[in-house]
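Engineer: Take a look at this one; I'll ask things after.
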Amino acid sequence: MIRVALLLVSLLAAAPLAAEPFNPVEFFRGRSHGQGVLKVIFQSSKTISVDSFGTSEKDGSLVLKQIIHEPGTDPRTRYWKLRQDGANRFSGTLTDAAGPVRVDVKGERVRIRYTGQNHLNFDQLLTPVGPREVHNTMRVRRFGITVAHYDEVIRKLD
């Protein structure tokens, strides 16, 4: 009986702890680099790279500067600002968005939603694949029809 109890205690102690929820503000502080493929309806796929630098504000929010490199065009810069509203919720702004950005955390995954220009609805899912790497899958819809998708790997550089 004692052996069984000791075995159970040792098994429970060795069991992995539940994963911490993914915190996008923490992940994007500092430098990161993303490399992905964008496919727009009726167009050829193209490789996009994104260099990001995130800084903390006094209130704990994140300001993320991103430089987007797309073939055949000059690099463009956009800015995100995210703040935590609750245990599993963030909100903010994005220079590409026509309104607010909503970020919901469910376990290890983060869902980002916003409306862009020309009635485009963006829906992103960030999934950690390691402590310094995230997979980003984005779908873009217009009037309910998927018009683009983007699949990217983002790596934390520092």
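The values are calculated or read from the model by the stated rules, or taken from the named source; none is laboratory data. Keep in mind that what you see is a predicted model, and the values were worked out from it rather than measured. For neighbour counting, all protein chains shown are included, and Cβ atoms are generated from backbone atoms with ideal geometry for every residue, glycine included. Side chains are part of the model used for accessible areas, which takes the heavy atoms of the whole protein and leaves out ligands, DNA and RNA. Shrake-Rupley method; radii C 1.70, N 1.55, O 1.52, S 1.80 Å.
Engineer: About the Cα centre of the chain, how large is the charge dipole given +1 on each Lys and Arg Cβ and -1 on each Asp and Glu Cβ? Please answer in debye to the nearest 20.
Structural biologist: About 220 debye.
Engineer: OK, next. Within the chain, what is the longest stretch that has no chymotrypsin sites (Phe, Trp or Tyr not before Pro) placed in a DSSP loop and near at most 10 other beta-carbon atoms within 10 Å?
Structural biologist: With chymotrypsin sites (Phe, Trp or Tyr not before Pro) excluded where exposed in loops, the chain gives 43-142 as its longest stretch.
Engineer: Just the number please: accessible area per residue for the stretch 32-88, 1.4 Å probe, all protein chains included, in Å².
Structural biologist: About 61 Å² of surface per residue is accessible.
Engineer: Between residue 145 and residue 67, what length comes free when the chain is fully extended (0.36 nm per residue of separation minus the Cα-Cα distance, one decimal in nm)?
Structural biologist: Taking 0.36 nm per residue and subtracting the Cα distance, the gain is 25.3 nm.
Engineer: Now, a different point. Angle check, please: helix 2-14 long axis (alpha carbons) against the longest principal axis of the chain (alpha carbons), in degrees 0 to 90, nearest 10.
Structural biologist: Here the helix axis deviates by roughly 20 degrees.
Engineer: Using 0.36 nm per residue of separation minus the Cα-Cα distance, give me the extension gain between residue 47 and residue 123 in nm, one decimal.
Structural biologist: Full extension from residue 47 to residue 123 adds 25.4 nm.
Engineer: Please work out which option in [x] 0.96; [y] 1.10; [z] 1.04 gives Rg/Rh (Cα atoms, Kirkwood Rh) calculated from these coordinates, and answer with its label.
Structural biologist: Read-out from the structure maps to [y].
Engineer: Something else about it: For the stretch 122-133, in order, what is each residue's ³J(HN,Hα) by Karplus, 6.51 cos²θ - 1.76 cosθ + 1.60 with θ = phi - 60°, in whole Hz (x at glycine and Pro)?
Structural biologist: 3J(HN,Hα) across the stretch 122-133, in whole Hz: 9, 9, 10, 10, 9, 10, x, 10, x, x, 10, 8.
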